[in-house]
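The values are calculated or read from the model by the stated rules, or taken from the named source; none is laboratory data. No experiment lies behind these values; they were computed from the predicted model shown. In this analysis, Cβ positions are derived from the backbone assuming ideal geometry, glycine residues included, and neighbour counts consider all displayed protein chains. The protein model used for the area step is the full one, side chains on, heavy atoms only, and it has no ligands, DNA or RNA in it. Shrake-Rupley method; radii C 1.70, N 1.55, O 1.52, S 1.80 Å.
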Amino acid sequence: MLPTGIFGICSRRRDEIDSWLKEVELHVGEEQLLETQQSADGSVMLGVIRSARYPYPALLSEAADGAGIGVFDGVMFEESVLSREPHALATLPVEQLSRNCNGMFQSASCDGTHLRLVSDPFASLPLYYSLQEQGAVFSTSLRMVCRWKEARGGLRQDEDGMAQLLAFGFALGGKTMYAGIHRMTGASLVDIDLTGDAAQSSHFRYDTVEVHPAPYDGLEADIVDAFREAVLTLHDMEGTGSIAALTGGLDSRTIAAVLHAEGRDCSFVTHYMQEGHDIGVARETVRLLGLQHHEERLPDTYDLMQEKDDFLAAGNGVLSFNNIHASEVHRRYARYGSMLLDGNHTSIEGRWFMRNTAARVKTRDDFLRESARMLLQEDVLGFTRDADRLRRRAIEQLEQVIPDPRNYADSAYCADSFYVQQLLPQHVTDLALMQNQHIRYVTPYYDRRYVALIARMEASKRWRQRPQQLSIETHVPQLRRLHRAYSDVLSWPTANPWLLRVPVALERLYRRAGLSRWPRLYHAVSRYAPSVRPSLRFPPDLSFLDIDDQAFDRVRIRDAFTASAPVTADYTLMKLLPYLMKSD
């Protein structure tokens, strides 16, 4: 099976195109559909892999005169030529890209002289590509791009990309773990010359999200209106085929408040593995609003060997096994609809990784040091042979994209701009591909108009999740009195960030004090109760691990993945495993 989404190849050799297409066809799953279209001269082929499980929002188009072809996959928050006539992308003036690219999508177009690729503002779906002198290939499947690269002269590891993946869990600047294979970043455009050297392509951002304080009278009302419009646009796109996730968190509750106040008929779905705070808050939301609600209880243990092939193929092998239950979750959600509105926000309107340290950051060196401290996954590096070298190399790559706080009104806005430009496009992405096998994943929080408005709000308000609170106050104010499920710790119904943290701080204190050694006492005072906490069962035979790479400490890995009892899916440890597993 391959990830759903678009793909394409250009080559002056027709046999190379045919050979690569056969390779793609070989890996298409039983519940997938493949469509292709070729340019008039046969040198370019574009295509899309659809899920056969639901109506898929993808389109192939051709210009009336046959001079251009295009492919589009995704949804738009605003009317766009890309979703109607994707072949027009190749000739679309660059200055018009920004207003035509507000959505969650991928698109490609060819006009005979050049091939153009474009990603949405936050790269919400991954698109990998590779360029060589007389050819180019792109796909949502990293594996298929690797196969083309390998056939063209060998596949080599990119040391910088691998260092970042092991150190941070992702690679910045469009790098991957393979030399010569790139990943589209947010709001990026790649123009590939088909008449000369395809490797000499132009690559630039057509839009940049800057987080600057620029409040005005009526800003908060505009934020509420923009969010409402984004929610309704997505819901009305599918009508009765639209459902919404209700996790118990503030983000999904805000979506529920809008749909309820606007009288939209929508089913809400919640999954859980055990009784916990999240499921309790979700049930209370349902009771207050009288929502149509479905609960899906999942097993709390997953057999690694049964899940790994589907999991790795659908998600490009770069997912944490902390999400191993995702396939089953969305298979179940697909019973109720074809599009899932999720509450995944941009993180600049809520808690994020540098919120508590941004005030101390004054220089670029300070910002680099604090960012590295927050991003480094030391547990993963502990499984490598040369952790210090990899750490240094990853930080050198990080330094290339670090902004200078002195160029911003406040260091908080520097931190937020860095997050939304560089880190946000690393989130969701491959996990969204896995979800799209079963049900289309969308979120109203990625509407560029909404993001542009909250980027103008003062940091102190955004970080208290004021945008979400505004929508709830406007639509269903009674939801404000519900408790918060804050990182699986039940917290108080308040917008005050310090009061929210008190139960979280107490929970950490209990753990450090070893209170869990006395279960009755611990459960009597603790406010920690996760509803989703998957465990993995490892097979006795670990031969499925491909650990010949010299970067990894083979002994430590084998010792870590013991085969006895189910193992809790630790985030940092499991992030390493997909790179070591054979996915074919």
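Note the full-extension length gain between GLU396 and GLU30 as 0.36 nm times their separation in residues minus their Cα-Cα distance, in nm to one decimal.
Using 0.36 nm per residue and subtracting the Cα-Cα distance, I get 127.4 nm.
So between ALA67 and ASP225, what do we pick up on full extension, going 0.36 nm a residue minus the alpha carbon distance?
Working: separation 158, 0.36 × 158 = 56.88 nm, distance 4.14 nm.
The ALA67-ASP225 span can extend by a further 52.7 nm.
Report the local net charge at ALA108: Lys and Arg +1, Asp and Glu -1, summed over other residues whose C-beta lies under 12 Å from its C-beta.
Result for the neighbourhood of ALA108: -2.
What are the residues whose amide H is under 5 Å from the amide H of THR301, where those residues sit 5 or more places off or on another chain and H is modelled from the backbone?
Under 5 Å from the amide H of THR301: SER535.
Using a Förster distance of 45 angstrom, determine the FRET efficiency expected from the C-beta separation of GLU275 and ARG156, and round it to 0.05.
0.35
Report Rg/Rh for the range 163-263, rounded to two decimals, where Rg is the Cα radius of gyration and Rh the Kirkwood radius.
Over the Cα atoms of the range 163-263, Rg/Rh equals 1.12.
How do PHE227, PHE204 stack up against each other in accessible area, from largest to smallest, with a 1.4 angstrom probe?
Result, largest first: PHE204, PHE227.
Pick the calculated volume of the Cα convex hull per residue in Å³ for this structure from (i) 154; (ii) 221; (iii) 166?
Here the calculated entry is (i).
What order, most packed first, do the peptides 41-54, 263-276, 65-78 have when packing is the mean number of other Cβ atoms within 10 Å of each residue?
65-78, 41-54, 263-276
Treating cross-link reach as a plain straight distance, find the aspartates and glutamates whose alpha-carbon is under 14 Å from the alpha-carbon of LYS149, omitting any fewer than eight places away in the same chain.
Filter leaves GLU16, GLU23, GLU133, ASP158.
For the range 1-71, which GluC sites (Glu not before Pro) are in a loop by DSSP, counting at most 16 other Cβ atoms within 10 Å?
Numbers: sites: GLU16, GLU23, GLU25, GLU30, GLU31, GLU35, GLU62; in loops: GLU30, GLU31.
For GluC sites (Glu not before Pro) across the range 1-71 that sit outside H, G, I, E and B with at most 16 neighbouring Cβ atoms in 10 Å, the list reads GLU30, GLU31.
Please give, to one decimal in nm, the separation of the simple spin-label points placed at ALA524 and ASP553, each 7 Å out from Cα toward the Cβ.
4.1
What is the local net charge at VAL48, summed over the other residues whose Cβ is closer than 11 Å to its Cβ (Lys, Arg +1; Asp, Glu -1)?
-1
Mind checking the full-extension length gain between ARG508 and ARG99? Use 0.36 nm per residue of separation minus the Cα-Cα distance, one decimal, nm.
142.7 nm
Mind checking the per residue accessible area of the chain for me, 1.4 Å probe, whole number of Å²?
About 40 Å² of surface per residue is accessible.
Applying the Karplus parametrisation 6.51 cos²θ - 1.76 cosθ + 1.60 with θ = phi - 60° to the phi angles of the range 150-165, what ³J(HN,Hα) value in whole Hz is obtained for each residue in order, glycine and proline being reported as x?
Once θ is set to phi - 60°, the couplings for the range 150-165 become 5, 5, 8, x, x, 10, 10, 6, 8, 4, 5, x, 5, 4, 5, 4 Hz.
Just to verify a number: what accessible area does HIS212 come out at with the full protein assembly present, 1.4 Å probe, Å² rounded to tens?
Ignoring ligands and nucleic acids, HIS212 comes out at about 80 Å².
Assuming R0 = 25 Å, what is the FRET efficiency of ASP15 and THR91, from their Cβ-Cβ distance, to the nearest 0.05?
Details: r = 30 Å, r/R0 = 1.18.
In this case the efficiency is close to 0.25.
Within the range 94-181, list the GluC sites (Glu not before Pro) lying in a DSSP loop whose Cβ has at most 11 other Cβ atoms in a 10 Å radius.
On the way: sites: GLU95, GLU133, GLU150, GLU159; in loops: GLU133.
Here the GluC sites (Glu not before Pro) that fit, given the DSSP loop and packing criteria, are GLU133.
Nearest-5 percent of antiparallel DSSP beta bridges in the chain?
80
Wrap a convex hull around the Cα atoms of the range 464-516, take a quarter of its surface area, and give that in square nanometres.
So the Cα hull casts an average projection of 3.8 nm².
Using a 1.4 Å probe over the heavy atoms of the protein chains, calculate the carbon and sulfur portion of the accessible area of the chain as a whole percent.
Result for the chain: 46 percent of the exposed heavy-atom area is carbon or sulfur.
At R0 = 22 Å, how high is the FRET efficiency between MET237 and GLN292 if r is their beta carbon distance? Nearest 0.05 is fine.
0.70
Roughly what would the spin-label model give for ALA214 and ASP303, points 7 Å off Cα along C-beta, in nm?
5.7
So how much accessible area does LYS362 have, in Å² to the nearest 10, using a 1.4 Å probe?
That residue has around 130 Å² of solvent-accessible surface.
Give me Rg/Rg_expected for the range 90-134, where Rg uses Cα atoms only and Rg_expected = 2.2 N^0.38 Å with N residues.
In units of the 2.2 N^0.38 Å rule of thumb, it is 1.25.
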